[in-house]
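S.K.: One structure follows; several queries about it will come next.
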Amino acid sequence: MKTQQTSESAKKLEEMFAISPYNQLALSGVAPIKDIKIFDTTLRDGEQAPGIALSPDDKIRIAQALDSLGVDIIEAGFAASSDIEQSILKQLAGMKLNAKVCSLARAMPADIDKAVDSGVDYIHTFIATSDLHMKYKLKMTPEQVKEKAVAAVEYAKSRGVEVQFSCEDATRSNMDFMKEVLLAVQDAGVDSVNIPDTVGVIIPRAMGHMIAELRKVLKVPISVHCHNDMGLAVANTLAAVENGASICHGCMNGIGERTGNAALEEVAVNLFANYGVQTVDLSKIAETSDIVRRVTGFGMAANKPVVGRNAFAHESGIHVHGIMNNTATYEPFLPEVIGAKRHIVIGKLSGSHSVEGKLEELGVKFPAEHMPELMETVKQLSITGKEISDPELVALAENIMWKKQAGNRTVALNELTVVTGRSTTATATVGITKPDGSKIKVAEIGVGPVNAAVNAIRKAVNQNITMEEYRLSAITGGSDAMCEVAVTLKNVQNDEALSFGRAVGPDIVETSVEATMAAINRDFSRVAIRKKEC
Ligand code: KIV
Ligand code: ZN
């Protein structure tokens with residue numbers, strides 16, 4: 001059973017949207033839109049997308065997700081295409097989902113039998129009605145096509161299932177002929193008729209006009225199936241709804257033949273936001289989209305509306321500032337509507353508002369006086385195109401706080417050159433300024449670049465310092481991940497005192513050197529205090 005929205009919860013949901021006031025003005029002449037059914041074809045037209053092939057388990061996983069999302073009909077495959085497909089449909093039909101399970105069938109008895117015998121309760125049968133398809137693909141006359149359509153519907157109805165009939169390539173079919181075919185299948189007992197924009201070639205105004213024309217003559221519900229070849233699938237679906245269509249075909253994440261079908265999540269969000277029609281459980285959209293993306297292995301552009309990675313991501317300082325004051329400034333609806341989360345992305349365009357907001361979101365209390373230093377680090381890192389992840393930002397912030405607590409540095413590294421390679425001995429040259437202001441340059445070799453650099457620093461500063469512990473960890477995954485280095489040095493001349501140093505950065509060698517310098521400075525300040533005490 002679909003969860004019924006109470007008017008109170010619908011009101012709450014409405015408040016999460018900040019859409020244009022012109023939408024309601026523009027719709028003032030449109031008859032109220034009430035019950036819209038969602039016909040999901042992710043597992044049929046969606047699977048027809050080149051690159052997608054679903055196993056029985058995959059289909060079951062997706063069907064369960066779609067069912068819990070609350071779609072009304074799941075077109076789960078094309079039974080006549082193979083025995084495996086028919087057996088998957090059998091399994092799905094036996095799962096007792098809330099949604100009706102449907103199989104596609106060409107307008108021929110053999111296909112219809114395969115579909116009905118798989119146990120589904122709904123058949124979607126089709127034949128092309130455009131001159132182009134009738135002449136070049138079917139090689140049939142319009143009369144033959146009409147006959148086949150009627151015979152298919154009569155036969156499918158005689159087998160006791162719900163039947164939807166589609167005029168394939170409807171948007172390039174002759175209107176009078178289409179009306180003739182559709183009225184004939186209506187007389188034959190069809191439950192609904194579908195108008196596919198098979199090649200995605202119609203514009204919304206024309207789709208609206210077509211549906212309005214058909215609505216005038218037909219009694220049965222009209223469905224619409226839009227492809228996205230020209231980027232208009234969702235707009236065409238909505239235009240059809242405005243003009244009397246009451247069943248919307250679509251695929252999750254907009255997958256489907258070629259450039260895909262109308263994205264179900266976009267249709268559902270628009271139906272609610274602009275037409276006040278609740279179809280699926282909007283709060284499950286993000287989760288369902290994710291399941292479909294993972295199971296099909298079909299990636300999605302970051303800027304895909306509603307469910308793309310960037311749909312609720314903000315980087316530029318101006319936008320983040322706006323969002324922090326009122327999310328409606330730069331979001332059409334709250335991410336919670338679809339069960340998603342907002343992301344503040346720290347990158348090249350981030351301002352201090354973004355960084356402050358992000359740290360607050362991550363629960364880090366960062367002193368305002370250190371913000372300029374953190375911002376400078378963030379800018380330097382992101383200038384190379386690096387997106388700073390949440391754990392990396394936390395590590396950078398903590399590192400700055402640690403550095404401040406560690407006190408002033410009296411030993412400074414002015415130069416670092418490291419040479420390394422496969423058949424080359426790792427060699428490092430460092431230039432150091434000592435506490436008394438004298439400068440020194442030293443070169444050393446090592447078993448690797450880090451070892452060579454640390455050896456050179458020890459040689460330049462104090463040979464009595466030994467490396468007791470060295471820990472390196474990547475903060476996140478990826479080859480551009482930042483690393484965190486922690487070192488403990490021992491001063492064998494100074495009661496074997498231990499000094500700890502740490503650093504965070506994008507380069508392992510530089511970060512290791514930075515951590516070593518931090519520890520050396522701690523050791524030096526301790527030695528200086530002892531000298532004063534003496
Ligand atoms: O796009 C289309 O025309 C189809 C038919 C099978 C309805 O998918
Ligand atoms: Zn299609």
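The values are calculated or read from the model by the stated rules, or taken from the named source; none is laboratory data. A quick note: this is a predicted structure, and the numbers were derived from the prediction, not measured. All Cβ positions, even for glycine, are placed from backbone atoms using ideal geometry, and neighbour counts span all protein chains on display. Keep in mind that these areas ignore ligands, DNA and RNA; they rest on the heavy atoms of the full protein, side chains included. Shrake-Rupley method; radii C 1.70, N 1.55, O 1.52, S 1.80 Å.
S.K.: Hand me the list of helices (runs of 4 or more DSSP H) wholly inside the range 225-324 holding 1 or more residues that are β-branched (Val, Ile, Thr), within 16 Å of ligand 2 (Cβ to nearest atom) and open to solvent by less than 40 Å² (accessible area, probe 1.4 Å).
M.R.: Numbers: elements: 233-242, 264-275, 285-296.
Filter on the range 225-324 gives 233-242, 264-275.
S.K.: For the range 413-450, name all the residues that are in a loop (DSSP other than H, G, I, E, B) and either basic (Lys, Arg) or under 26 Å from SER525 (Cα atoms) (or both). Quick ask: steps written out before the conclusion?
M.R.: Looking only at the range 413-450, we keep the residues that are in a loop (DSSP other than H, G, I, E, B), and these are 420-425, 434-438, 447-448.
Matches in the range 413-450: ARG422, LYS434, PRO435, ASP436, GLY437, SER438.
S.K.: Hey, could you check the range 36-50 for residues that are within 11 Å of ligand 2 (Cβ to nearest atom) and outside any loop (DSSP other than H, G, I, E, B) and say which is most open to solvent (accessible area, probe 1.4 Å)?
M.R.: Start the filter on the range 36-50 by keeping residues that are within 11 Å of ligand 2 (Cβ to nearest atom), which leaves 41, 44-46, 48-49.
After this cut, where a residue has to be outside any loop (DSSP other than H, G, I, E, B) as well, the list is 44-46.
Working: ARG44: 25, ASP45: 5, GLY46: 0 Å².
So, considering only residues that are within 11 Å of ligand 2 (Cβ to nearest atom) and outside any loop (DSSP other than H, G, I, E, B), the one most open to solvent (accessible area, probe 1.4 Å) is ARG44.
S.K.: Between ILE74, ILE88, ILE33, ILE19, which is in contact with a Pro (Cβ under 7 Å, 6 or more places away or on another chain), not charged (D, E, K, R) and not in a helix (DSSP H, G or I)?
M.R.: Details: ILE74 fails: in contact with a Pro (Cβ under 7 Å, 6 or more places away or on another chain); ILE88 fails: not in a helix (DSSP H, G or I); ILE33 fails: in contact with a Pro (Cβ under 7 Å, 6 or more places away or on another chain).
After applying the criteria, what remains is ILE19.
S.K.: Need the failing condition index for SER354 against (1) exposed (fewer than 15 other Cβ atoms within 10 Å of the Cβ); (2) of a type in the set (S, T, N, Q); (3) touching a strand residue (DSSP E or B) at 6+ places or on another chain (Cβ under 6 Å), just the number.
M.R.: All conditions pass for SER354, except number (1).
S.K.: Still on this model: Six or more apart or on different chains, Cβ under 6 Å: which pairs go from a residue in the range 81-97 that's farther than 11 Å from ARG44 by Cβ and at pLDDT 95 or above to one that's of a type in the set (D, E, K, R) and open to solvent by 40 Å² or more (accessible area, probe 1.4 Å)? Could you list them?
M.R.: GLN86/LYS114
S.K.: Give me a count of the residues in the range 198-237 that are over 17 Å from VAL181 (Cβ atoms) and of a type in the set (D, E, K, R). Reasoning before the result, please.
M.R.: From the range 198-237, those over 17 Å from VAL181 (Cβ atoms) are 199-209, 212, 226-237; that's our starting set.
Subsequent filtering for residues that are of a type in the set (D, E, K, R) retains 205, 229.
Count: 2.
S.K.: Is it the case that some residue within the range 224-231 is on the phi < 0 side of the Ramachandran plot and either away from ligand 1 (no atom under 16 Å from the Cβ) or out of contact with any Gly (no Cβ under 9 Å at 6 or more places or on another chain) (or both)? Talk me through it step by step, then tell me what you get.
M.R.: Taking the range 224-231 and keeping what is on the phi < 0 side of the Ramachandran plot, we get 224-230.
Right, trim to either away from ligand 1 (no atom under 16 Å from the Cβ) or out of contact with any Gly (no Cβ under 9 Å at 6 or more places or on another chain) (or both) and you get 224.
Yes: one or more hits.
S.K.: Among the residues of the range 124-137, which ones are within 16 Å of ligand 2 (Cβ to nearest atom) and open to solvent by less than 70 Å² (accessible area, probe 1.4 Å)?
M.R.: HIS124, THR125, PHE126, ILE127, ALA128, THR129, SER130, HIS133
S.K.: Determine which member of the set THR410, THR476 is assigned to a loop (DSSP other than H, G, I, E, B), at pLDDT below 90 and open to solvent by less than 70 Å² (accessible area, probe 1.4 Å). Before you say what the answer is, go through the steps one by one.
M.R.: Numbers: THR410 fails: open to solvent by less than 70 Å² (accessible area, probe 1.4 Å).
That would be THR476, the only listed residue that is assigned to a loop (DSSP other than H, G, I, E, B), at pLDDT below 90 and open to solvent by less than 70 Å² (accessible area, probe 1.4 Å).
S.K.: Would you call ARG458 in a strand (DSSP E or B) and among the basic types (Lys, Arg)?
M.R.: Details: in a strand (DSSP E or B): no; among the basic types (Lys, Arg): yes.
No: the conditions fail for ARG458.
S.K.: Going through the range 479-505 one residue at a time, which ones are closer than 29 Å to ILE346 by Cα and open to solvent by 80 Å² or more (accessible area, probe 1.4 Å)?
M.R.: Passing the criteria: SER479, ASP480.
S.K.: For the range 97-115, indicate whether the set of residues that are open to solvent by 70 Å² or more (accessible area, probe 1.4 Å), in contact with a Gly (Cβ under 9 Å, 6 or more places away or on another chain) and not hydrophobic (A, V, I, L, M, F, W, C) is non-empty.
M.R.: To start, the set of residues in the range 97-115 that are open to solvent by 70 Å² or more (accessible area, probe 1.4 Å) comprises 98, 100, 106, 109, 114.
Right, trim to in contact with a Gly (Cβ under 9 Å, 6 or more places away or on another chain) and you get 98.
Subset that is not hydrophobic (A, V, I, L, M, F, W, C): 98.
There is at least one residue in the range 97-115 that is open to solvent by 70 Å² or more (accessible area, probe 1.4 Å), in contact with a Gly (Cβ under 9 Å, 6 or more places away or on another chain) and not hydrophobic (A, V, I, L, M, F, W, C).
S.K.: Tell me, which residue of the range 51-71 that is without any contact (Cβ under 8 Å) to a residue 60 or more places away in the chain and not polar (S, T, N, Q) is farthest from ligand 2 (Cβ to nearest atom)? Steps first, please.
M.R.: Keep residues of the range 51-71 that are without any contact (Cβ under 8 Å) to a residue 60 or more places away in the chain, which gives 53, 55-57, 59-60, 63-64, 67.
With not polar (S, T, N, Q) added as a condition, the list becomes 53, 56-57, 59-60, 63, 67.
Working: ALA53: 18, PRO56: 23, ASP57: 25, LYS59: 18, ILE60: 23, ALA63: 19, ASP67: 21 Å.
Selected residue: ASP57.
S.K.: Working carefully through the options VAL504, VAL487, VAL454, VAL513, find the one that is in contact with a Phe, Trp or Tyr (Cβ under 6 Å, 6 or more places away or on another chain), modelled with pLDDT of 90 or more and under 22 Å from ALA406 (Cα atoms).
M.R.: Numbers: VAL504 fails: in contact with a Phe, Trp or Tyr (Cβ under 6 Å, 6 or more places away or on another chain); VAL454 fails: in contact with a Phe, Trp or Tyr (Cβ under 6 Å, 6 or more places away or on another chain); VAL513 fails: in contact with a Phe, Trp or Tyr (Cβ under 6 Å, 6 or more places away or on another chain).
From the options VAL504, VAL487, VAL454, VAL513, the qualifying one is VAL487.
S.K.: Can you give me the number of residues within the range 188-210 that are crowded, with 18+ Cβ neighbours inside 10 Å, hydrophobic (A, V, I, L, M, F, W, C) and over 30 Å from the mean Cα position of the chain (by Cα)?
M.R.: The number of residues fulfilling the criteria is 4.
S.K.: Quickly run through the range 153-202 and pick out the residues that are in contact with a helix residue (DSSP H, G or I) (Cβ under 9 Å, 6 or more places away or on another chain) and among the small types (Gly, Ala, Ser).
M.R.: The answer is ALA156, GLY160, ALA170, SER173, ALA184, ALA188, GLY189, GLY200.
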